[in-house]
Amino acid sequence: MQAKLLLLHALSPLHAGTGQGVTPRDLDFGPVRVGDTVRQTVTFRNYDPAIPIVNWEYSLYSDDPTADFSYDTNCGESLPGLAECTVTVRYRP
């Protein structure tokens, strides 16, 4: 099976869409055999040295509504200035 995933995030109103980044923005897991698990990591960054990102969240959107995605993260409820955190996404068809 094959699946793609788009990562979006909503940030604190203080940032108004600037000063943050997501790398990579979308994940292409390519062909994966049923029963296998594939992992990819996404990094969230706050480029602003002074303003933390607070009350933020991230969303996973797949082109396959039946795809089995799960994730682990070291991201908390806020991301200090010039900090980064990661989300490891797993896909298991």
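Going by what's in this entry, would Gln20 be described as modelled with pLDDT under 85, open to solvent by 30 Å² or more (accessible area, probe 1.4 Å) and polar (S, T, N, Q)?
In short, yes.
Provide a single number: the residues in segment 23-61 that are modelled with pLDDT of 75 or more and part of a strand (DSSP E or B).
Final tally of qualifying residues: 18.
Could you check how many residues of segment 62-93 are in a loop (DSSP other than H, G, I, E, B) and open to solvent by less than 90 Å² (accessible area, probe 1.4 Å)?
9
The values are calculated or read from the model by the stated rules, or taken from the named source; none is laboratory data. Small disclaimer: the values here were computed from a predicted structure and weren't measured. To get the accessible areas, we keep the full protein, side chains included, count just its heavy atoms, and leave off ligands, DNA and RNA. Shrake-Rupley method; radii C 1.70, N 1.55, O 1.52, S 1.80 Å.
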